[in-house]
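Single-structure report; data block below.
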Amino acid sequence: MPSGPFAHVCFLVKDLDKAAEDWTKILQVLDPAQVTEQVVKYTDFSSGADQDMRWVTFVSHHGCEIQLIQPSPGTPLGERLEKLGEHVHHLCFTTPDVPGAMKQLAANGIQLASGGKTFEDKNMPWQRWGWVSHKSTHGVLLEVASPYESHCDGRWHPVAAMAAEGKS
């Protein structure tokens, strides 16, 4: 799990394997601890209309993680990648109460994307997330997600302490 609520920076990439190779070389020099643990990798992740995307996250227990997503062609993210090229897609912050945080953000006048909806993952039923519009963040999409952690098995898991308290 990242050391703080600022969890990861996500990039849309055309070639996940090449991007992961390049980021491994970068992190070996700039943040060697981030390449000592197994990456979290999903090869068939789907969310809404974005089906069968592939992604890798370099795990960090001391700071911000790097996430790379290769969307499938013809999906909304695939079309975005074709139109804009490789780029930062979003920043992710975690909170134990995603729906509550989304309501609080809206109450503070922050513009939410997707109508402020909180999403859930059928393969990770404990994981919830929502989106803050780039219009309120001055240019970048912001993900608000449930905290997660790695168990060195290439997958995300709920934060154990939160699961024990019934917060996930």
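The values are calculated or read from the model by the stated rules, or taken from the named source; none is laboratory data. Keep in mind it's a predicted model, so treat the numbers as computed, not measured. Please note: Cβ atoms are built from the backbone with ideal geometry, for glycine as well, and neighbour counts cover all protein chains shown. Ligands, DNA and RNA are stripped out before the accessible areas are found, and what is left, the full protein with its side chains, is counted by its heavy atoms. Shrake-Rupley method; radii C 1.70, N 1.55, O 1.52, S 1.80 Å.
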With a Förster distance of 35 angstrom and the Cβ-Cβ distance between Asp15 and Asn108, calculated FRET efficiency to the nearest 0.05 equals 0.35
Please state, as a whole number in µm²/s, the translational diffusion coefficient that the Stokes-Einstein equation yields for the range 74-135 at 10 °C and 1.306 mPa s, with Rh defined as the Kirkwood radius across alpha carbon pairs.
120
First compute the accessible area of the range 1-95 with a 1.4 Å probe, then give the percent of it belonging to carbon and sulfur atoms.
56
Antiparallel as a % of all DSSP beta bridges within the chain, to the nearest 5?
70
Can you pull the accessible area of Thr43 for me, 1.4 Å probe, Å² to the nearest 10?
80
Going through the cross-link list Lys14/Lys103; Lys25/Lys117; Lys41/Lys83; Lys14/Lys135; Lys83/Lys117, which pairs have a Cα-Cα distance over 31 Å in this structure?
Lys14/Lys103; Lys25/Lys117
Cut-off 10 angstrom, C-alpha nodes, Gaussian network model of the chain. Which of Glu149, Glu120, Glu21 fluctuates the most?
Glu21
Computed on alpha carbon atoms, what radius of gyration and Dmax characterise the range 47-168, expressed in Å?
14.9, 44
For His8, other-chain or 5+-apart residues with amide H closer than 5 Å (H placed, Pro excluded) are Glu65, Cys92
Determine the order of Trp23, Trp55, Trp131 by accessible area, beginning with the largest, at a probe radius of 1.4 Å.
Trp23, Trp131, Trp55
Mean accessible area per residue over the chain (1.4 angstrom probe, all protein chains present, square angstrom) is 52
How large is the Kirkwood hydrodynamic radius of the range 1-119, in angstrom, based on all distinct alpha carbon pairs?
15.6
Which distance in nm do the two modelled labels at His138 and Thr43 give, with both placed 7 Å along the Cα-to-Cβ direction?
4.2
